[in-house]
Amino acid sequence: MLDLFARGSPTQLSGAAQRPHVALLPCRGPTPFRPHRFTVAARVSTAATDAPPAPAPKQQKQKQGGGGGGGGGGKAAEAAVTPRSEDFSKWYLDVVARAELADYGPVRGTMVIRPYGYAIWEAVQSHLDCRFKELGVQNAYFPQLIPYSFIAKEAEHVEGFAPELALVTKGGGKDLEEPLVVRPTSETIINHMFAQWIQSYRDLPMRLNQWCNVHRWEMRTRPFVRTLEFLWQEGHTAHATAEEAEEEARRMIDVYADFATTVAAMPVVPGRKSRIESFAGANVTYTIEAMMGDRRALQAGTSHNLGTNFARAFGTQYLDASSQRQPVHQSSWGVSTRLIGGVIMTHGDDKGLRLPPRLAPIQVVIIPIVKKEEDRGPVGQAADALAAAAKAAGIRVKIDADERQTPGWKYNHWEMRGVPLRVEVGPKDVASGTCVTARRDMPGKEGKQFGVPMSPPAFTAHLHSLLDDIQTALTAQAAAFRDDNIVDVRSYEELKEAIAAGKWARGGWAASDDDERRVKEETQATLRCFPFQQPPGPHSCIMTGQPAAEVAIFAKSY
């Protein structure tokens with residue numbers, strides 16, 4: 001059976017996420033992400049039998065080229081989400097549900113990742129896995145069940161994870177001789193194997209990664225951001241020297257920062273964690289911190305220099321060139337499905353998701369607009385030709401030819417799911433050899449462009465240009481929002497004022513661990529990191545007034 005250890009520090013957790021009473025629409029099956037550049041030109045069948053039809057909305061008259069950009073459809077739209085400004089937490093849960101990203105599992109605190117949400121995770125995997133392999137990292141897999149004695153070997157590790165562990169005490173109807181931990185992270189079991197595989201300096205460096213699930217028992221959960229079970233990748237490396245381990249830890253946090261900024265359009269602040277906030281068992285932890293739409297901080301990825309802590313606990317040694325046994329120096333690093341929550345909360349608006357094109361499972365959706373039966377064939381053929389051209393150009397594209405819904409309903413359906421770009425084509429467009437495009441990141445008619453040529457070279461060049469513009473615009477918007485909400489403070493009183501106003505506070509820090517705990521207790525803000533990019537000094541500690549070598553960022557977080 002499982003012995004469940006409840007997490008004992010509610011102050012570190014986000015607010016409770018209760019299951020909303022939301023009528024979910026049947027999944028329309030967006031195309032899953034696949035590695036490299038690709039597209040799927042798939043029509044939505046008019047005779048689909050794999051799911052009951054969605055409730056038919058009241059028919060609305062559609063103008064040629066569709067309704068207003070960024071929505072249209074009026075009453076034909078799906079139920080609106082709670083406005084972000086009204087209740088950010090409820091808005092987030094509405095988007096997760098109505099964009100069909102995830103649902104609640106039968107065990108409290110677990111989630112079921114639905115196909116569209118998993119397609120976003122596949123996009124994360126595809127980009128990062130390719131990058132890891134370029135750097136010489138190999139994928140492997142290690143067991144989910146870990147002997148409890150492994151966890152206990154590293155004192156700080158067991159102390160840090162004890163409140164979050166799930167233990168298996170029975171198997172095959174019998175009490176186990178030793179409890180088994182359901183994997184919270186894999187440093188221990190990987191070191192057990194490293195100790196057998198690494199014999200000499202010729203076996204180093206050893207650089208492995210695994211894509212897997214982990215379990216951490218949480219009292220309060222939020223889909224994607226904090227759940228009992230989540231998906232992630234965890235890299236583990238072994239090196240001959242301390243310098244190599246440090247270099248690896250810094251290299252991988254740079255990889256995460258680059259991915260977050262250039263792919264997820266989520267500009268982050270990379271930096272070093274404080275001792276209190278570092279990973280249990282690490283010498284130092286590096287982090288990327290992202291600002292969400294409610295200005296809370298999200299730890300979007302971490303990298304740890306483990307030194308020789310686990311190597312000494314597990315006897316992970318190598319024979320150096322002088323035939324002397326030495327402990328290996330290690331790093332570990334990981335990102336999780338929390339990134340999906342970060343993308344939602346960074347870019348989403350009152351119409352749902354806004355996905356950056358480089359991460360979007362579907363980059364372009366084509367909506368045929370048919371008023372008369374005699375137009376169905378020519379319009380459908382034009383849509384097929386546009387999709388084929390986009391596919392040949394490496395664009396991920398989908399045709400929505402579902403006859404059960406109006407064009408306006410479809411506009412809102414795909415806007416809710418954050419598809420970056422919509423193409424509208426009707427009989428007049430076919431006659432003129434042009435079509436209409438609408439950007440998801442711009443409201444109303446501002447994001448629409450009429451008279452786009454249908455000829456494949458001109459059409460695909462137009463799509464590529466718009467997708468690049470959308471990626472750049474989303475990144476710039478998020479960066480401007482972040483920068484506008486970081487306040488430089490010179491005293492503890494100014495820090496408290498900034499936190500009370502919902503801002504991030506940045507100021508000199510040379511105070512004690514107890515002072516850091518005091519800030520957390522009195523403001524509910526934590527020291528997010530010492531940023532790599534430090535503003536010019538000199539600096540004074542906001543708590544003590546003494547000279548400070550670095551500035552730190554404090555913020556409330558998820």
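Using +1 on the beta carbon of Lys and Arg, -1 on that of Asp and Glu, and nothing else charged, what's the dipole of the stretch 235-349 about the Cα centre, debye to 20? Working shown, then result.
Details: 10 positive and 12 negative charges, 73 e Å.
Magnitude of the dipole: close to 360 debye.
Determine, from the Cβ-Cβ distance of Glu373 and Gln534 and an R0 of 56 Å, the FRET efficiency 1/(1 + (r/R0)^6), rounded to the nearest 0.05.
Working: r = 67 Å, r/R0 = 1.20.
It comes out at approximately 0.25.
Roughly how many whole Å is it from the C-alpha centroid of the stretch 375-396 to that of the stretch 240-278?
What the calculation gives is 42 Å, centre to centre.
Taking R0 as 35 Å, what's the FRET efficiency between Ala431 and Ala473 from their Cβ-Cβ distance, rounded to 0.05? Could you put the intermediate results ahead of the total?
Details: r = 33 Å, r/R0 = 0.93.
Plugging the Cβ-Cβ distance into 1/(1 + (r/R0)^6) gives 0.60.
With +1 on each Lys and Arg Cβ and -1 on each Asp and Glu Cβ, how big is the dipole of the stretch 109-249 about its Cα centre, in debye rounded to the nearest 20? Walk me through the numbers before you get to the answer.
Values: 13 positive and 20 negative charges, 141 e Å.
Computed charge dipole of the stretch 109-249: roughly 680 debye.
Among the lysines, which have Cα under 29 Å from the Cα of Lys174 when same-chain residues fewer than 8 positions away are ignored?
Answer for Lys174, where 29 Å is the Cα cut-off: Lys153, listed by chain and number.
Is the stretch 427-476 rounded, prolate or oblate when judged by the Cα gyration tensor, a ≥ b ≥ c being the square roots of its eigenvalues, rounded requiring a/c under 1.5 and prolate requiring a/b larger than b/c?
Values: a/c = 4.52, a/b = 1.63, b/c = 2.77.
Since a/c reaches 1.5 but b/c is at least a/b, the shape of the stretch 427-476 is classed as oblate.
In square angstrom, what is the accessible area per residue of the stretch 439-558 with a 1.4 angstrom probe? Each step should come with its number before you reach the end.
On the way: 5830 Å² over 120 residues.
With all protein chains present, the stretch 439-558 gives 49 Å² per residue.
About the Cα centre of the stretch 199-246, how large is the charge dipole given +1 on each Lys and Arg Cβ and -1 on each Asp and Glu Cβ? Please answer in debye to the nearest 20.
Values: 6 positive and 7 negative charges, 69 e Å.
Value, rounded to 20: 340 debye.
Label points 7 Å out from Cα along the Cβ direction at Asn139 and Ala392: separation in nm?
Between Asn139 and Ala392, the label points sit 3.2 nm apart.
So what are the ³J(HN,Hα) numbers for the stretch 96-112, from phi and the Karplus equation (6.51, -1.76, 1.60; θ = phi - 60°), rounded to whole Hz, Gly and Pro as x?
4, 6, 7, 7, 6, 8, 7, 9, 7, x, x, 8, 3, x, 9, 9, 9
Leaving out ligands, DNA and RNA, what percent of the accessible area of the stretch 434-474 is carbon and sulfur, probe 1.4 Å?
61
Among all the lysines, which ones have a C-alpha under 28 Å from Lys398's C-alpha, if same-chain residues fewer than 8 places away are not counted?
Within the straight-line limit of under 28 Å, Lys398 reaches these lysines: Lys58, Lys61, Lys63, Lys75, Lys351, Lys371, Lys372, Lys410, Lys428, Lys445, Lys448.
Check which residues have an amide H placed less than 5 Å from Arg358's amide H, if you skip close sequence neighbours.
Residues meeting the amide H criterion: none.
Ignoring ligands, DNA and RNA, what percent of the accessible area of the stretch 146-227 is carbon or sulfur (1.4 Å)?
Values: 1800 of 3440 Å².
It is 52 percent, rounded to a whole number.
Answer with one residue from Gly394, Pro378, Pro368: the one whose Cα lies farthest towards the positive end of the charge dipole of the stretch 357-402, charges on Cβ with Lys, Arg +1 and Asp, Glu -1.
Final value for the positive-end residue is Gly394.
With an 8 Å cut-off on Cα pairs and a minimum separation of 6 or more residues, tell me the relative contact order of the stretch 329-424 in percent. Please list the in-between numbers first.
Numbers: 110 pairs, mean separation 39.8, N = 96.
Computed value for the stretch 329-424: 41 percent relative contact order.
So which lysines pass the test for Lys520, namely a Cα distance under 28 Å, with those fewer than 8 places away in the same chain ruled out?
Here the lysines satisfying the reach criterion relative to Lys520 are Lys90, Lys273, Lys496, Lys503, Lys556.
List the residues, sorted by chain then number, that are 5 or more residues from Gly105 or on another chain and whose placed amide H is less than 5 Å from its amide H.
Thr110, Met111, Val112
What are the ³J(HN,Hα) values, in whole Hz, obtained from phi via the Karplus relation 6.51 cos²θ - 1.76 cosθ + 1.60 with θ = phi - 60°, for each residue of the stretch 345-352 in sequence order, with x given for Gly and Pro?
After applying 6.51 cos²θ - 1.76 cosθ + 1.60, I find 6, 7, 10, x, 9, 5, 9, x Hz.
Step through the residues of the stretch 414-427 one at a time and calculate ³J(HN,Hα) from phi using the Karplus curve (6.51 cos²θ - 1.76 cosθ + 1.60, θ = phi - 60°), rounding each to whole Hz and writing x for Gly and Pro.
Calculated HN-Hα couplings, in order: 7, 5, 4, 8, x, 4, x, 9, 10, 10, 10, 9, x, x Hz.
The values are calculated or read from the model by the stated rules, or taken from the named source; none is laboratory data. These numbers come from a predicted model, not from an experiment. Because the Cβ atoms are built from the backbone with ideal geometry, glycine has one as well, and the counts that use them run over all protein chains shown. SASA here: full protein model, heavy atoms, side chains in, ligands and nucleic acids out. Shrake-Rupley method; radii C 1.70, N 1.55, O 1.52, S 1.80 Å.
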